[in-house]
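Worksheet: the structure to be examined is printed underneath.
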Amino acid sequence: MLFWNYSISVYSQDGVPNACLKLQDKFKLDVNLILFCCWYGITNGNLTKELFCCCHEFCLTWSNKTVKPLRNIRTWLKEQGCTEISDDINACMGFRDKIKAIELEAEKFQQLTLESMSKIIISKNMSPQEKTVSVANNLRMYLKQENIEITAIVINEFLYIIQASIQDVDTLTFKRILTE
């Protein structure tokens, strides 16, 4: 499964958008990198430290230079900008919608680049248990890189994503590996 298709499928599941936004807003995590850690774990297993570091570095740069500035403009327009600067709020909100579409394209480009960097040719055929272990290992690597304490809140938000990603996920194994 292509990374973009995986992301759309998972993000459409109940609870996942809120979990992703909470991880993004509260813990400053990159949703695309979270989803990449999950997708890679499901399709290919454990990320190598080298590949993860390359992907992390790309995401930091891309997000800081493109996605976050677009998100900041879009959010500002929604929260106060359109009412402060324009008599035609509908036209301003239409402009905001165009920025939102460009932001989505920037995120899609980020995901396509991550997929390209991963060089997955053929997905492995793994059991739900193997997928669970790999996803937990990949997410744990990301959390350690960001110096994020693995709390019950973090685990619970990740559970929305992993349960939408893996049929018959072993949540106890996921929690155990994440907190090792």
### Query
Got at least one residue in region 39-53 being aliphatic (A, V, I, L, M), closer than 23 Å to Ile177 by Cβ, in contact (Cβ under 8 Å) with a residue 40 or more places away in the chain and touching a His at 6+ places or on another chain (Cβ under 9 Å)?
no
### Task
For residues that are surrounded by 17 or more Cβ atoms within 10 Å (Cβ to Cβ) and more than 16 Å from the chain's Cα centre (by Cα), scanning just region 66-83, find the one that is nearest to Asn138 (Cα to Cα).
Leu70
### Query
Just checking, which of Ser63, Ser86 is polar (S, T, N, Q), without any contact (Cβ under 8 Å) to a residue 60 or more places away in the chain and closer than 24 Å to Asn137 by Cα?
Ser63
### Message
Just to confirm my filter: which helices (runs of 4 or more DSSP H) fall fully inside region 1-63 and include at least 3 residues that are under 17 Å from Ile162 (Cα atoms)?
### Response
3-11, 16-27, 31-43
### Query
Could you list, in sequence order, the residues of region 41-65 that are aliphatic (A, V, I, L, M) and either under 17 Å from Gln24 (Cα atoms) or crowded, with 18+ Cβ neighbours inside 10 Å (or both)?
Ile42, Leu47, Leu60
### Query
Going by the conditions given, is Phe95 touching a helix residue (DSSP H, G or I) at 6+ places or on another chain (Cβ under 9 Å), under 27 Å from Phe3 (Cβ atoms) and among the aromatic types (Phe, Trp, Tyr)?
no
### Task
Keeping to region 124-154, report how many residues are farther than 16 Å from Leu33 by Cα and surrounded by 13 or more Cβ atoms within 10 Å (Cβ to Cβ).
9
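FYI, it's all coordinate maths here, none of it is from the lab. Since the structure is predicted, the reported quantities are computational estimates derived from the model, not experimental observations. No Cβ is skipped: glycine too gets one built from the backbone with ideal geometry, and neighbour counts run over all protein chains shown.
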